[in-house]
Amino acid sequence: MGPTTGVQALAGEAQGSGGVSLYARVASALRARIAQGEWLPGDQIATIEALATEYGVATITVRLAVRLLVDEGTLRTSRGRGTHVLRSPSVPLASAGLRAAINDPRVLGPDHAIRILARREVDGLPGELDHRHRRAARYQHVHKLHEYRGTAFALMDIYVEAGIYQHFPAGADEQHKLSLLLRDHSGVRISESREEMTITGANRSAAELLRCPIAAPLVRVRRWRTDAAGVVIYACVVLYRGDLFVWEHAETTPEADHFGHHIVPTPQLPASGGT
């Protein structure tokens, strides 16, 4: 069962964890298999009994997971005919507009919208962004959603040094990405940019805002930008829907071998003569 063992382990942990419902995790695993093309629209998926055996769960758990996918329009069940894929849960990742919306800090195309959920000035940074760099005294926190063709694909919590944020044109963060405003209106040279990418599952709040199931895979990106004095002037946590995420990175320098000094931390070579 090679590829499914990780999912089985996740399901086993959920039975005693008191966390996300086990059936929601099974639904997330099935949704991912459909999104990746294992079952195409019109295909019949494995039987309830076969899936229960594959994931090591009770048949009622699989029935609840299938019902969740039926309710969201991904699957269709017919008595005596089994369960078939109705549609893929993914927006096509080949869309140039979606790729630009995620990867290009300058682009806000006609199909891309920003919805501000809250703004407030705060002292310091939250724990998940507390980094080894120095912090400014005050930050403007912007809590927002990014949508592509009406579908929310990213939930963002961005912190901009309060004095810098005041230089942005009023309401500009509703029309432009904050990273672009930072470049064009801060008057501050960014000395270092750092980025971290991990995978997490959607909690109830994120699931409601991103309109995805609880425990659905999310790509969690944390970024920090510092000035010449080493003070964080921009930091953010972004949650991207995993089924809508595509990351592109290109290097055109002669040393674009992915093993240069841009790796963090810088690799330490053995001292000369060492073992």
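Please treat every number below as a calculation from the coordinates, not as lab data. Owing to the predicted nature of the structure, the values given are computational and were not obtained by experimental measurement. Note: ideal-geometry Cβ built from the backbone for every residue, glycine included; neighbour counts use all protein chains shown.
Please name whichever of GLY124, ILE114, ILE158 sits farthest to the positive end of the charge dipole of the stretch 91-159, dipole taken about the Cα centre and charges placed at Cβ: Lys and Arg +1, Asp and Glu -1.
Of the listed residues, the answer is GLY124.
Using the Kirkwood radius over C-alpha pairs as Rh, can you work out the diffusion coefficient of the stretch 114-163 via Stokes-Einstein at 4 °C, viscosity 1.567 mPa s, in µm² per second?
Rounded, D is 109 µm²/s.
Starting from the Cα of ARG120, step 7 Å along the direction of its Cβ; do the same at LEU209; then give the gap between the two resulting points in nm.
1.3 nm
Can you report the principal axis dimensions of the stretch 24-83 using only the alpha carbons, biggest first, rounded to whole angstrom?
Computed over the stretch 24-83, the largest-to-smallest principal extents equal 26, 26, 19 Å.
Could you sort 107-117, 210-220, 179-189 so that the peptide with the highest average Cβ count within 10 Å comes first and the rest follow in order?
Listed from highest to lowest mean packing, they are 210-220, 179-189, 107-117.
For the stretch 220-227, just list the computed ³J(HN,Hα) in residue order, Karplus coefficients 6.51, -1.76 and 1.60, θ = phi - 60°, integers in Hz, with x standing in for Gly and Pro.
9, 10, 10, 10, 9, 10, 10, 8
If you count, for each residue, the other Cβ atoms within 10 Å and average over each peptide, how do 55-62, 74-81 line up from highest to lowest?
55-62, 74-81
Count charges around ARG87 for me, please; just the other residues with Cβ under 13 Å from its Cβ, Lys/Arg as +1, Asp/Glu as -1.
Net local charge, ARG87 excluded: -1.
Looking at the square roots a ≥ b ≥ c of the eigenvalues of the Cα gyration tensor of the stretch 38-131, which shape do they give, rounded for a/c under 1.5, prolate if a/b is larger than b/c, or oblate?
Prolate, since a/c reaches 1.5 and a/b exceeds b/c.
Over all alpha-carbon pairs in the stretch 99-231, figure out the percentage whose distance exceeds 28 Å.
Tail of the P(r) past 28 Å holds 16 percent of the pairs.
Suppose every K and R has +1 on its Cβ and every D and E has -1 on its Cβ; what is the size of the dipole of the stretch 116-217 about the Cα centre, in Debye to the nearest 20?
In total the dipole reaches around 40 debye.
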